[in-house]
Structures are given as structure tokens and as C-alpha cells.
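The values are calculated or read from the model by the stated rules, or taken from the named source; none is laboratory data. Predicted model, so just to flag it, every value in this text is computed and none were measured. Here the Cβ is made from the backbone with ideal geometry for all residues, glycine too, and neighbour counts use every protein chain on show.
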Amino acid sequence: MSSGLLLHLTIAGILLGSATTAQEPAPLLEGNAYVRSVLRDPRSQDGAINDYSYDMVEMKEDLDKKGGATSREIWAYQVYFVDKRPVRRLVAKDGVPLSPKEQAEVDRKAEDKAKAIAGGRTVNERPGIRLSSLVDSFEFQTVGREMRDGRATLVFDFKPRENAAPTASSNRTTNAVAKILMGRMYVDEADKRVVRLDARNTPGEKASVAAGVKVGAFELVMEFTSVQDGVWLPKRVMTLATGRAFFFKTFRIRRTTVYWNYRRFSVATDEKPMS
């Protein structure tokens, strides 16, 4: 073999090796530490959430055994942020806009809440599952990496931690349900934001959520979307709960919340978005 050909083969081998190395994905990190850093650590982009508002529709359905809706209630809201906390303005019920008197009262309460948040006063949160408040309730295991909507995501399985203490910032219902949940979570690798969470109750496990009320089956889906580099907002949340109340009444309730029309604005505590 000539020295010239050998040189070309050597250079080609080096370039090929370099390209292969460059394309190798980063090693997967330990699940618990990574997820806790994602849900707890503040970032410079977090403050940008205060510049956004969006529309939201919340629907509650009572279902029969086959999953058909026997009754339905729908609420429409406008949402904006103060100090990174959402303030909701109800604008319609079951497709009917609020009357001027009702809207004025709703707006007054929203403004009071915004001022309380800006002033650092305690404000009661609506019931619900907040990922950041439950991070210590679960064990997370890294199971892989996959593409979602053209973006690389890390995939984690989770299950309840043994002997996990109740979370002080969560209500009784949330803590009870958290003890029986297991599922999978997807985190955007570049932005370190949760993209999707799918959860269900551990087979055979039930949750006592109130006196005489027990949940026998529970499902949760949470989806988020990127509205700006590093800024992610909710896209859809669905819960499905089946159980029994006071030993004789069964229930099957689905709640679906859809978020859209994300837009930017600046809000002082004495203002509210009206568009």
C-alpha cells in the first residue's frame, strides 16, 4: 500500500471517528437528582412568565359506566400572572358570558388576588396537583431519550416513595392521590421543562380523599408547550376519577382543562387583560 493511500485512509478514519463521537448522545443522568433540579431550580427565564396571559376552558363531566357524559359543566377563563402565580378571571359559564354585574364582581376578586400576591400575602390556591410540590413524593428512574415534536426529551418512570411524608403545600386530596400514583414523565432536554406527564393509580391501590369518599381508579395527563425560549405554559390537563362516596353512591368524573391563545402583556396589580 502506498504511503499516500495510507495517509488518506488514516485521515478518513480520524474524521469518521470524530463524527461518530460528536453524534453520540450525552449519558443519561440519575433520575431523582435530575428531576428535582428541573422542578425546583429557578432560571432566568422564569420571570418572563409574568408577561404572558392565555385563555382557558375547564370542563367537568359526570360519566356513565361506558364513559359517556351524563352531565357537563363548562367554565371559560382569562389567566394572567403576578409574581409567577396565575390569576384567573371567569368570563363565561356553559358558553354564556357573565352579566355585567357578575363580571364586575369577578374582576374585583381577581384584582384583590393580584394585589395580595404582589404584596406577598398568602393566597389560597385552587385544588390541584402541582408537580413542584410533589417532587419529594416520588422515586424517578431515567428510562431513555426520545424525540417529541422534533425536540429531544428525557423519559422518566416514577412511583410513590416508601414512607414519603405528606407535602405541606398540598391538600389532603392531593397527598392521598400522590401515594398511589405511578407513571411516566417527559422532560425537554434543552429547556429542562416538563413536556408531558401520564399517571395512573397503582393497580389495586385506592385513595381516601375525604370522609366517606374513596377513589378506586385515577388517571392524570398533563401537557405543556413552549411559548418562548425557556418559557413553557400548560396546554392540557385531564383527570379521570372513579370511586365511591359514603359506601353507596358511585362516581366517575372527568375534568379537562384546555389552554390556548397565549399572548404577551405587562400587568400592574391595578390592571387586568381585557382582550
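Restricting attention to the range 125-149, report how many residues are on the phi > 0 side of the Ramachandran plot, of a type outside the set (Asp, Glu) and at pLDDT 85 or above. Before you say what the answer is, go through the steps one by one.
So in the range 125-149, the residues on the phi > 0 side of the Ramachandran plot come out as 128, 144, 149.
Among the residues that remain, those that are also of a type outside the set (Asp, Glu) are: 128, 144.
Still in the running and at pLDDT 85 or above: 144.
Total meeting the criteria: 1.
Whenever a residue of the range 44-66 is closer than 17 Å to Ile117 by Cα, its partners that are of a type in the set (Asp, Glu) and in a loop (DSSP other than H, G, I, E, B), lying with C-beta atoms within less than 8 angstrom and at least six residues away or across chains, give the pairs Asn50/Asp83.
The criterion of at least 1 residues that are among the hydroxyl-bearing types (Ser, Thr, Tyr) and at pLDDT below 80 is met, among strands (runs of 3 or more DSSP E) falling completely within the range 150-242, by 207-210.
Being more than 30 Å from Lys249 (Cα to Cα), of a type in the set (Gly, Ala, Ser) and surrounded by fewer than 17 Cβ atoms within 10 Å (Cβ to Cβ) narrows it down to one residue among Ser99, Ser71; which is it? Quick ask: steps written out before the conclusion?
On the way: Ser71 fails: more than 30 Å from Lys249 (Cα to Cα).
Checking each option against the conditions leaves just Ser99.
Residues that are touching a residue at least 24 places away in the same chain (Cβ under 8 Å) and either within 19 Å of Leu233 (Cα to Cα) or in a strand (DSSP E or B) (or both) within the range 81-113 comprise Phe81, Val82, Asp83, Lys84, Arg85, Val87, Arg88, Arg89, listed in sequence order.
Being part of a helix (DSSP H, G or I), at pLDDT below 85 and either more than 36 Å from the chain's Cα centre (by Cα) or of a type outside the set (Lys, Arg) (or both) narrows it down to one residue among Leu28, Leu9; which is it? Working first, answer last.
Details: Leu28 fails: part of a helix (DSSP H, G or I).
The match here is Leu9.
Name the single residue that is modelled with the highest pLDDT among those in the range 35-81 being within 25 Å of Arg264 (Cα to Cα) and polar (S, T, N, Q). The selected residue is Gln78. The set of residues in the range 82-117 being more than 23 Å from Arg263 (Cα to Cα) and either at pLDDT below 95 or touching a helix residue (DSSP H, G or I) at 6+ places or on another chain (Cβ under 9 Å) (or both) consists of Ala116 alone.
If only residues of the range 173-193 that are out of contact with any strand residue (DSSP E or B) (no Cβ under 6 Å at 6 or more places or on another chain) and of a type outside the set (Asp, Glu) are counted, the one that is surrounded by the most Cβ atoms within 10 Å (Cβ to Cβ) is Ala178.
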